[in-house]
Amino acid sequence: MTELIAFFSRGDENYVNGEIRNLRVGNTEVAAGIIQKLTGADLFKIEPKLAYAKSYNECISQAQADQRRDARPELVAYPERMEPYDVIYLGFPNYWGTMPMAVFTFLERYDFTGKIIRPFCTHEGSGMGSSVKDIKKLCPTAKVETGLAIRGGNVQHSEKDIRDWL
């Protein structure tokens with residue numbers, strides 16, 4: 001099976017364990033790296049052309065505005081082809097109960113018929129929210145498996161949980 005890890009992640013200021021911290025690498029990117037180490041899957045970072053602000057509070061305002069408008073931000077790049085991949089690990093931080101809007105852009109770009117989508121998210125207490133339901137709605141011909149929710153503050157120590165999920 002050929003596998004792809006497609007993920008959205010953001011470093012800079014983030015809310016972690018009840019406080020705002022500056023992260024060199026976003027929590028979801030850390031989790032994606034662990035999955036890549038364990039599976040050897042290809043990595044693709046989902047990045048909007050208009051990046052979110054480095055400030056946590058400004059980022060929140062931008063992301064909430066995107067969600068209210070049901071925006072589909074243009075991405076910096078897209079995988080050339082999705083056909084070679086049988087399994088897509090889809091990673092994102094939980095933004096107000098679902099995925100960042102850039103992940104919606106990514107999912108709407110491709111036909112996932114017959115593919116397996118394995119979602120994983122980082123969060124600070126909200127788990128997967130409605131993201132699995134949203135993925136199933138966007139990709140009705142894919143098999144969407146049980147997701148893995150990883151506490152962002154614990155992501156550095158999540159390899160065992162990720163291995164068990166895999």
With the checklist (1) without any contact (Cβ under 8 Å) to a residue 12 or more places away in the chain; (2) surrounded by 12 or more Cβ atoms within 10 Å (Cβ to Cβ) in hand, flag the one item Asn22 doesn't pass. (2)
Does Ala6 satisfy being part of a strand (DSSP E or B), touching a Pro at 6+ places or on another chain (Cβ under 8 Å), open to solvent by less than 30 Å² (accessible area, probe 1.4 Å) and closer than 22 Å to Arg151 by Cα? yes
Among the candidates Gly127, Gly153, single out the residue that is modelled with pLDDT under 95, open to solvent by less than 50 Å² (accessible area, probe 1.4 Å), closer than 30 Å to Glu19 by Cβ and assigned to a helix (DSSP H, G or I). Gly153
Out of region 121-166, which residues are farther than 19 Å from Tyr15 by Cα and in contact with a Pro (Cβ under 9 Å, 6 or more places away or on another chain)? Ser131, Val132, Ile135, Val144, Glu145, Thr146, Gly147, Leu148
Out of all the residues in region 104-118, is one or more in a helix (DSSP H, G or I), of a type in the set (D, E, K, R) and either over 10 Å from the mean Cα position of the chain (by Cα) or crowded, with 20+ Cβ neighbours inside 10 Å (or both)? yes
Would you call Glu80 out of contact with any strand residue (DSSP E or B) (no Cβ under 9 Å at 6 or more places or on another chain), part of a loop (DSSP other than H, G, I, E, B) and open to solvent by 30 Å² or more (accessible area, probe 1.4 Å)? yes
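The values are calculated or read from the model by the stated rules, or taken from the named source; none is laboratory data. All values derive from a computational prediction rather than experimental measurement. Neighbour counts are summed over all protein chains in view; Cβ atoms, including those assigned to glycine, are modelled from backbone coordinates with ideal geometry. Please note that ligands, DNA and RNA were not included when accessible areas were found on the heavy atoms of the full protein model with its side chains. Shrake-Rupley method; radii C 1.70, N 1.55, O 1.52, S 1.80 Å.
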